[in-house]
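Worksheet: the structure to be examined is printed underneath.
Where a number appears in this text, it was derived from the coordinates with a stated rule and is not lab data. Quick caveat: nothing in here was measured; it's all calculated off a predicted structure. Reconstructed Cβ throughout: ideal geometry from the backbone, glycine too, with neighbour counts over all protein chains shown.
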Amino acid sequence: MKCGIVVFPGSNCDRDMAWVTHHLLGQPTRFIWHEETDLGEVDLVILPGGFSYGDYLRCGALARFSPVMQAVVRHAKAGKWVLGVCNGFQILTEVGLLPGTLMRNQDLQFICDRVPVRVERVDLPWTCRYQRGQVLTLPIAHGEGCYYAEPQVVQELEQSGQVVFRYLPPNPNGSVGDIAGICNRRGNVLGMMPHPERASDADLGNTDGLGLFTSLLAWYAETACRSC
């Protein structure tokens with residue numbers, strides 16, 4: 001599975017992602033500069049955490065206009081995989097690949113912590129190695145992680161099963177519906193605030209996040225086998 005990690009000015013989790021995809025899982029991985037317009041033959045595009053363009057205006061607002069994002073949108077609309085974590089999730093909502101928005105945390109404080117997150121769906125490429133209802137401990141580090149959408153949009157997300165991860169009480173940032181991560185209707189675009197890449201290396205004492213990457217890798221291998 002070929003992985004491409006988009007690097008914006010201000011990204012700071014791109015190397016963490018590459019450590020997982022390349023060093024831990026041995027998958028071909030390349031960094032994609034924000035000014036590039038060709039993703040090549042990448043299977044998975046990752047928008048990592050950080051502070052793209054310094055989070056000026058609001059988180060992800062400037063990154064949505066990067067040349068690379070046109071290619072990312074085409075990639076997603078073609079049914080290929082896109083993962084946005086933390087700032088990457090914010091960018092996905094800004095560019096319209098996922099509904100809703102990420103707002104200032106409820107207490108207006110930056111949060112850096114480890115929180116319990118429940119897996120809501122296991123029939124997706126992202127979660128097929130987990131158990132439904134499994135509780136993961138994942139790091140968070142954000143000041144604007146409060147997910148919000150209009151009530152009708154939230155209802156649609158719930159009814160269509162697009163809520164993939166949910167915070168367990170106490171909700172750390174005030175996200176509506178305790179939402180920690182959502183996908184699009186096709187399930188090929190996933191955005192989440194917790195950092196699975198920071199909970200993937202056994203040397204760090206927690207591998208709860210590794211299942212997200214091994215799930216996608218297993219799904220990819222099975223899909224490739226069926227097409228042979």
Pull up all non-local amide H partners of residue 179: gap of 5 or more, or a different chain, and H-to-H distance under 5 Å with H placed in the peptide plane. 167
Förster-model FRET efficiency, 22 Å R0, residue 74 and residue 35, C-beta, rounded to 0.05: 0.85
Relative contact order, percent, of region 47-92 when contacts are C-alpha pairs under 8 Å separated by at least 6 residues? 54
What's the Cα-based Rg to Rh of region 3-226, Rh via Kirkwood? 0.93
Tell me the net charge near residue 210. Cut-off is 13 Å between Cβ atoms, residue 210 excluded, with +1 for each Lys or Arg and -1 for each Asp or Glu. -3
At most 13 other Cβ atoms within 10 Å and a DSSP loop assignment: could you name the GluC sites (Glu not before Pro) in region 18-93 that fit? 35, 41
Expressed as a rounded percentage, what relative contact order does the chain have, with Cα pairs under 8 Å and six or more residues apart? 19
With Cβ to Cβ distances under 9 Å as the rule, what net charge do the other residues near residue 71 carry (K, R +1; D, E -1)? -1
Inter-centroid distance (Cα atoms) of region 78-144 relative to region 147-174, Å: 10
